[in-house]
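All remarks here apply to the structure that follows.
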Amino acid sequence: MEKKVIIETQHLARRYEMGSEIIHALKDISITIHKGEYVAFMGPSGSGKSTLMNIVGCLDTPTEGTYILNGNQVSDMTDNELAEIRNKEIGFVFQTFNLLPRSTSLDNVALPLVYAGYPKSVRIEKAMEALKNVGLDNRAKHKPNELSGGQRQRVAIARALVNDPSIILADEPTGNLDTKTSYEIMALFDALHKRGNTIIMVTHEEDIARYAHRIIRLRDGLIESDEINHNVYQAPIQNHA
């Protein structure tokens, strides 16, 4: 059976005006990503990978071209419409975790459900389930400063999962972590992918990109290559900290 198309872009371009200069961040990007894929956007600084991530994540809109996310034409949406689809369709995992420092793990994970309008009892139940999925249900009452870097990133991943989004978008997810903790996080992404989640990871690190099953390389705002990774790295199994 043909897998469902989650992301489709056609001839995406993004230009920025910086004074009198025009920056061509993306020039012509056409990609199709199916449900359940694990894809890395790879490229050096200035390649356009962050701009592409911002458009795919509905944080920005293209200057030209079309973007369809899970059947929704998002290229022409207003800021409010983008915010709504972002909360419903996309789970974000950032390099800097982006957790609220005074809130518990449970409250941090439940935050997207507040915006989605769920009642409190449902929010607690869904947030606990998401924490359980990342092995941190025993840290539900802890605040970020009481957690290790790896635990904080796992809370961020639980928050990304809580709304059951169409895609998990991870921006340099191991950028602030040591090697052992990076393995732990990549093993978690691997487990999430095996469960059927669609994962898009943005990285400039070759060894991290190798965990993905497909690698799209960008250079100068264009796709340099788009290949299946036949030699997928497996993270060494770590015991949860």
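The values are calculated or read from the model by the stated rules, or taken from the named source; none is laboratory data. A quick note: this is a predicted structure, and the numbers were derived from the prediction, not measured. In this analysis, Cβ positions are derived from the backbone assuming ideal geometry, glycine residues included, and neighbour counts consider all displayed protein chains.
Things to note:
- Single residue of region 47-73 satisfying the filter (under 13 Å from the mean Cα position of the chain (by Cα) and of a type in the set (A, V, I, L, M)) that is farthest from Ile31 (Cα to Cα): Leu59
- Pick from region 152-176, criterion assigned to a loop (DSSP other than H, G, I, E, B) and on the phi < 0 side of the Ramachandran plot, ranking: surrounded by the most Cβ atoms within 10 Å (Cβ to Cβ): Pro173
Per-residue answers, yes or no, for (1) within 21 Å of Ile33 (Cβ to Cβ); (2) touching a Phe, Trp or Tyr at 6+ places or on another chain (Cβ under 7 Å); (3) surrounded by fewer than 16 Cβ atoms within 10 Å (Cβ to Cβ):
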| position | (1), (2), (3) |
| --- | --- |
| Asp178 | no, no, yes |
| Tyr183 | no, no, no |
| Met186 | yes, yes, no |
| Thr203 | yes, no, no |
| Ala212 | yes, yes, no |
| Arg219 | yes, no, yes |
| Glu224 | yes, no, yes |
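- Only listed residue being at pLDDT 90 or above and under 25 Å from Ile33 (Cβ atoms), chosen from Asn138, Asn108, Asn70: Asn70
- Taken across region 51-72, residues that are part of a strand (DSSP E or B) and within 13 Å of Leu218 (Cβ to Cβ) do not occur at all.
- Within region 79-97, the set of residues being within 29 Å of Glu184 (Cβ to Cβ) and either surrounded by fewer than 14 Cβ atoms within 10 Å (Cβ to Cβ) or touching a Ser or Thr at 6+ places or on another chain (Cβ under 6 Å) (or both) comprises Glu89, Thr96.
- Selection count where residues are part of a strand (DSSP E or B) and surrounded by 18 or more Cβ atoms within 10 Å (Cβ to Cβ), scope region 32-50: 6
- The one condition from (1) over 19 Å from Ile223 (Cα atoms); (2) of a type outside the set (Phe, Trp, Tyr); (3) free of Cβ contacts under 8 Å to residues at least 12 places away in the same chain that Asn87 does not meet is (3).
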